[in-house]
DNA sequence: TGTATGTATGAACATACGTACATATATTAT
DNA sequence: ATAATATATGTACGTATGTTCATACATACA
C-alpha cells in the first residue's frame, strides 16, 4: 500500500482509508464486471466485429455474411453461435436460410461510442 | 451465395447485388474494424475491466489499484501497460508514485452503454 | 426417396493471452 | 552511498481462443 509500513502514523492513515470505503471493498460487484468483460471480449474479435457491423445495417443470412466478410461459412457459423450465446444477435429461420439480426439497439450505441474513441466518427 | 448457381437468372441477380454495394465490398473499412475490435478486446478482460471501472471513479496509483482488486502489483502493472498502449488511460508521476486515470470520457460512456445491455443499470 | 443447398457442430491444431515469479529501474530517505 | 519503496518489465507456463477440415443436420426440390 502507498507509503504503508513506514511509521505508526502512516499505518493509521492507511486504516482510515480502508474504512472510508476506498481500499477495503471492491469498486464494483465482481459479477457485474465479469458480465461486462465477457460482453466486451465477445466484441473484441475482428470477425465478430465485422459481423455485428454488417448486421447493424440489415438483417442477413449466414451465407451473405460469409460473402461480405470473405470468410468461410463455418467460421461465420461458429462466431454467430458465440454472439447468440451472449444475446447479441437473434435469428429466424425461413426455409433452409437462417437470418440474423442484432438483438437490441445497445450494441449499435456501443459501436458508435467506441468509434468516437478511436476517432473514426 | 444464397441460391446462387441455380440458373442464369439467379446469376444475374447475384451480379446486380454485387454491384449495388451490398455483397461486393466489405461493409466497413477493415482498418476501422480492426481498431474497434482491438479496443473491445482490451476492455474484455476482467482485470482490466475492474481497473477501468476503478479509474472511472477517481485517479489511483498502482498500489491502490492492486489493493482494490486484491491483485498482485505485477499483474496490475502489466495490464496498465496494455491500457496505456491503447490510449485508454493516462498517467502522471508524483515522486515514486504513478497515478493513473482515464484518458477520455468515451470509455465511461462505453461502460454505461454496456451496462445497459447486461441489464445492470 | 434421393439429391442439393444452407447451416451447425465436433475435433484438432496453432497461436494468443493472462498470470506468477524474478528482477530491473526510479525515486526518496537515512 | 545504501536501503527502502513504488513501479515496470522479461520469461516461462498453462490455458483460452479462432480457424480449418470434416461431417452432421435440416429443409427444399425433383
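Every read-out reported here was derived from the displayed coordinates using simple, explicitly stated rules and does not represent laboratory data. If you're wondering where the values come from, they're calculated on a predicted model, not measured in any experiment. Note that we place each Cβ from the backbone using ideal geometry, even for glycine, and neighbour counts take in every protein chain shown.
Remarks
- Computed on the stretch A:44-117, with alpha-carbon pairs under 8 angstrom and 6+ residues apart, the relative contact order is 32 percent.
- Taking 0.36 nm per residue of sequence separation and removing the Cα-Cα distance, the residue B:92/residue B:75 pair yields an extension gain of 4.2 nm.
- Divide the volume of the convex hull around the Cα atoms of the stretch B:44-117 by the residue count and you get 87 Å³ per residue.
- Coarse-grained scattering of the stretch B:35-85 at q = 0.15, 0.19, 0.27, 0.29 Å⁻¹, given as base-10 log I(q)/I(0) from a Debye sum over alpha-carbon atoms: -0.36, -0.57, -1.08, -1.20
- Neighbour counting of Cβ atoms within 10 Å sorts the residues A:78, B:106, fewest neighbours leading, into A:78, B:106.
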